[in-house]
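The values are calculated or read from the model by the stated rules, or taken from the named source; none is laboratory data. Note that the coordinates shown come from a computational prediction; the quantities given were computed from them, not determined experimentally. Backbone-built Cβ (ideal geometry, glycine too); neighbour counts: all protein chains shown.
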Amino acid sequence: MPERLQQYSSSQGSGHGDAANSLAVPPAADGQVGRGCQYPTPAASSARDRQAPRAASSARGGLSLTARVVIGMLSVMGAGTAMAQNAADDGMVQVPAGPFTLGSEGKAIDEDAAEKPVQTLELPAFRIDRNEVTTAQYCQFLNAAGKEQDAQGRACLGPARMLPIAKADGAWRPLPGREAFPMTGLTWYGAAAYAAWAGKRLPSEAEWEKAARGPDARKFPWGNTLDASKMRFGQDNIGPVGEKPEGASPCGCLDMAGNAWEWTRSAFRPYPYVATDGREDPALTERRVARGGSWTGEPHIAHASYRFRPDPTAAYPFLGFRCAKGVE
Ligand SMILES: [Ca+2]
């Protein structure tokens, strides 16, 4: 574990390099075949949405009254469609069913032995948050719950000194200027409790990696070459979620490299990854896998297959999460 990560630990540490434990409870199984990610990035979609009304407006000069009325009606209909799309946007993207590549050969200098062996896995379609969960969203959860523990009484938050939120007059609020920052400083239990409150769940590490790499086994969300301009990393370079659209994954997820590390549902156990061997049981108390690197200055471990492995009771100012859910 890099020294910079160790100095922030609030609990038992990250467990980088630890051997996995063994428990056995059946998880929700995945297993269908289909095509890989083919979705446009949010940036591309947003650009199209913004441009369409302007194109209709600029075409009005020199047209008959009838033509203007028709164009006006079409513009209103178009605006209505855009509003309907926005209303239907729940902040999640869908990852199609189908095969993808998990893990690495562990040969490159930035690859870890725990990423071996490379596997081709198949997952059914699922949905995953486009962005990391923000401080504002997490405060909504805490204020609705009225406590800082999960249903079993386990702490959701790390020490106050590392939190991007604060409690005053009985309510949790983001620190000024951090409303759109990823929620960090929370335990795995805190992440899982939020997901349950939101009607979602944490992604398995396999789901997370598929959403980050797409169907073509790329090393980073944007391709195979480390590009620091496409991710938030470096000292104190944590920032609002979704501000690096050029670093979007093939399915349109943002900040899957950098900004905050992200808890996944999966317990850390050696590969090969087997979804049904018990590692996806949320009741496990063993170390969990986190993915994606962070702002803490180690861009070389931000590749999508790297497996950070914190204790579920640990909290760090660089560790956040995003949620997933099944497709109904
Ligand atoms: Ca991230």
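What tally of residues in segment 241-280 results from selecting those that are in a strand (DSSP E or B), touching a Ser or Thr at 6+ places or on another chain (Cβ under 8 Å) and within 11 Å of the ligand (Cβ to nearest atom)?
Final tally of qualifying residues: 2.
Within the bounds of segment 225-237, is there any residue that is more than 17 Å from the chain's Cα centre (by Cα), buried (at least 17 other Cβ atoms within 10 Å of the Cβ), in the same structural domain as GLU207 (by TED's automatic domain parsing) and assigned to a loop (DSSP other than H, G, I, E, B)? Yes: segment 225-237 contains one or more residues that are more than 17 Å from the chain's Cα centre (by Cα), buried (at least 17 other Cβ atoms within 10 Å of the Cβ), in the same structural domain as GLU207 (by TED's automatic domain parsing) and assigned to a loop (DSSP other than H, G, I, E, B).
The residues of segment 90-149 that are acidic (Asp, Glu) and under 26 Å from LEU254 (Cβ atoms), listed by number, are ASP90, ASP110, GLU111, ASP112, GLU115, GLU122, ASP129, GLU132.
Among the residues here, PHE268 does not qualify as in the same structural domain as ALA114 (by TED's automatic domain parsing) and under 21 Å from ASN131 (Cβ atoms).
What residue, of GLU246, GLU280, is touching a Lys or Arg at 6+ places or on another chain (Cβ under 8 Å) and either surrounded by fewer than 20 Cβ atoms within 10 Å (Cβ to Cβ) or not assigned by TED's automatic domain parsing to the domain that holds TYR189 (or both)? Before you say what the answer is, go through the steps one by one.
Working: GLU280 fails: either surrounded by fewer than 20 Cβ atoms within 10 Å (Cβ to Cβ) or not assigned by TED's automatic domain parsing to the domain that holds TYR189 (or both).
Only one candidate passes the filter, namely GLU246.
Cβ-Cβ distances below 6 Å connect the following pairs, each with a first residue in segment 303-324 that is farther than 21 Å from GLU115 by Cβ, a second residue that is of a type in the set (Val, Ile, Thr) and away from the ligand (no atom under 13 Å from the Cβ), and a separation of six or more residues or different chains: THR313/THR187; ALA315/THR187.
Comparison of TYR194, TYR189 shows that the only residue that is assigned to a helix (DSSP H, G or I), touching a helix residue (DSSP H, G or I) at 6+ places or on another chain (Cβ under 6 Å) and surrounded by 15 or more Cβ atoms within 10 Å (Cβ to Cβ) is TYR194.
If a residue must be part of a helix (DSSP H, G or I), surrounded by fewer than 16 Cβ atoms within 10 Å (Cβ to Cβ) and in contact with a Phe, Trp or Tyr (Cβ under 9 Å, 6 or more places away or on another chain), how many such residues does segment 137-163 contain? Quick ask: steps written out before the conclusion?
Residues of segment 137-163 part of a helix (DSSP H, G or I): 137-145, 160-162.
The next check asks that each one be surrounded by fewer than 16 Cβ atoms within 10 Å (Cβ to Cβ); those that pass are 140, 143-144, 160-161.
After this cut, where a residue has to be in contact with a Phe, Trp or Tyr (Cβ under 9 Å, 6 or more places away or on another chain) as well, the list is 140, 143-144.
Result for segment 137-163: 3.
Does ALA283 satisfy the condition of being among the small types (Gly, Ala, Ser), touching a residue at least 40 places away in the same chain (Cβ under 8 Å) and either more than 16 Å from the ligand (Cβ to nearest atom) or not in a helix (DSSP H, G or I) (or both)? Walk me through how you get there before you give the answer.
Details: among the small types (Gly, Ala, Ser): yes; touching a residue at least 40 places away in the same chain (Cβ under 8 Å): yes; either more than 16 Å from the ligand (Cβ to nearest atom) or not in a helix (DSSP H, G or I) (or both): yes.
Yes.
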